[in-house]
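S.K.: Just dropping this structure here.
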Amino acid sequence: MRIVGIDPGLRITGFGVIEFDQQRLKYIASGVIKTSNDKESNSERLGTIFNSVTEVITTYQPDISSIEQVFVNINPQSTLALGQARGAAIAALVCQKLPVYEFSALQVKKNVVGSGHAKKEQVQEMVRRLLSLKSAPSKDAADALAVAICAAHHHQMNLQIQKSSKLK
């Protein structure tokens, strides 16, 4: 099963693609979608996110998708911008007919690192180790890969629950 993970942001959106087969994780690709051109309007940035996520899906052909949920910042404008970026990414995923799993940052960190309050550097290092990478990916790409890893574990758990309920 191929999984794409998205770490949304209005200026930088991370993406990560992994394969998950019988509890084995395999790195496929990761990177960032940058919309940091200050001359672009927010709507142009959202269009860039939508188009770029669509391109990632077309290129890597994932079976399912996962995305980090919005957390509330002290600054309501930042929270709104993050929500809009997330909406553009979800729209791209749904338009490509992908199931979308959503996880909070706390869930992702707890799943990947073992602590919901892990620092970004800890997430980067655990992603590097879990995917047997030579070096840690950028913070945004690592966060997206972590979201994909969380989805893989979540999917595996759901399969085990379904299997055990059929045995009863």
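S.K.: Would you call ILE12 closer than 17 Å to ILE149 by Cα and of a type in the set (Val, Ile, Thr)?
M.R.: Here the answer is no, as ILE12 does not meet what is asked.
S.K.: How many residues, within the range 86-108, are within 17 Å of GLY16 (Cβ to Cβ) and either of a type in the set (A, V, I, L, M, F, W, C) or in contact with a helix residue (DSSP H, G or I) (Cβ under 6 Å, 6 or more places away or on another chain) (or both)?
M.R.: Looking only at that region, the number is 11.
S.K.: Could you count how many residues in the range 53-69 are farther than 15 Å from LEU98 by Cβ and crowded, with 19+ Cβ neighbours inside 10 Å?
M.R.: Counting residues in the range 53-69 that are farther than 15 Å from LEU98 by Cβ and crowded, with 19+ Cβ neighbours inside 10 Å gives 1.
S.K.: Let me ask something else. Out of the residues in the range 8-32 meeting the condition of being at pLDDT 95 or above and of a type in the set (Phe, Trp, Tyr), tell me which one is least open to solvent (accessible area, probe 1.4 Å).
M.R.: Among residues in the range 8-32 that are at pLDDT 95 or above and of a type in the set (Phe, Trp, Tyr), the one least open to solvent (accessible area, probe 1.4 Å) is PHE15.
S.K.: Still on this structure, please answer the following. Output the qualifying pairs, or none if there are none: Cβ atoms under 7 angstrom, residues six or more apart or on different chains, first residue in the range 100-125 and among the charged types (D, E, K, R), second residue surrounded by fewer than 19 Cβ atoms within 10 Å (Cβ to Cβ) and assigned to a helix (DSSP H, G or I).
M.R.: From residues that are among the charged types (D, E, K, R), the pairs are LYS120/LYS139.
S.K.: Ok, one more. Could you give every pair whose Cβ atoms fall below 9 Å, whose first residue belongs to the range 1-20 and is free of Cβ contacts under 8 Å to residues at least 24 places away in the same chain and more than 12 Å from SER138 (Cβ to Cβ), and whose second residue is open to solvent by less than 20 Å² (accessible area, probe 1.4 Å) and part of a strand (DSSP E or B), counting only separations of at least 6 or pairs across chains?
M.R.: Listed by first residue and then by second, the contacts come to GLU19/ILE3.
S.K.: Quick one: count up the residues across the range 70-113 that are farther than 18 Å from SER43 by Cα, polar (S, T, N, Q) and surrounded by 14 or more Cβ atoms within 10 Å (Cβ to Cβ).
M.R.: Matching residues across the range 70-113 total 4.
S.K.: If the Cβ limit is 8 Å and pairs must be 6+ apart or interchain, which residue in the range 29-47 that is basic (Lys, Arg) pairs with which residue that is assigned to a strand (DSSP E or B) and modelled with pLDDT under 95?
M.R.: LYS34/ILE12
S.K.: Among the residues of the range 114-135, how many are under 19 Å from TYR27 (Cβ atoms) and crowded, with 19+ Cβ neighbours inside 10 Å?
M.R.: Result for the range 114-135: 5.
S.K.: Among the residues of the range 121-156, write down those that are more than 19 Å from THR13 (Cα to Cα), in a helix (DSSP H, G or I) and in contact with a Phe, Trp or Tyr (Cβ under 8 Å, 6 or more places away or on another chain).
M.R.: ALA152, HIS154, HIS155, GLN156
The values are calculated or read from the model by the stated rules, or taken from the named source; none is laboratory data. Please read all numbers here as calculations on a predicted model, not as lab measurements. For neighbour counting, all protein chains shown are included, and Cβ atoms are generated from backbone atoms with ideal geometry for every residue, glycine included. For the accessible areas, the whole protein counts, side chains as well, though only heavy atoms, and no ligand, DNA or RNA atoms are used. Shrake-Rupley method; radii C 1.70, N 1.55, O 1.52, S 1.80 Å.
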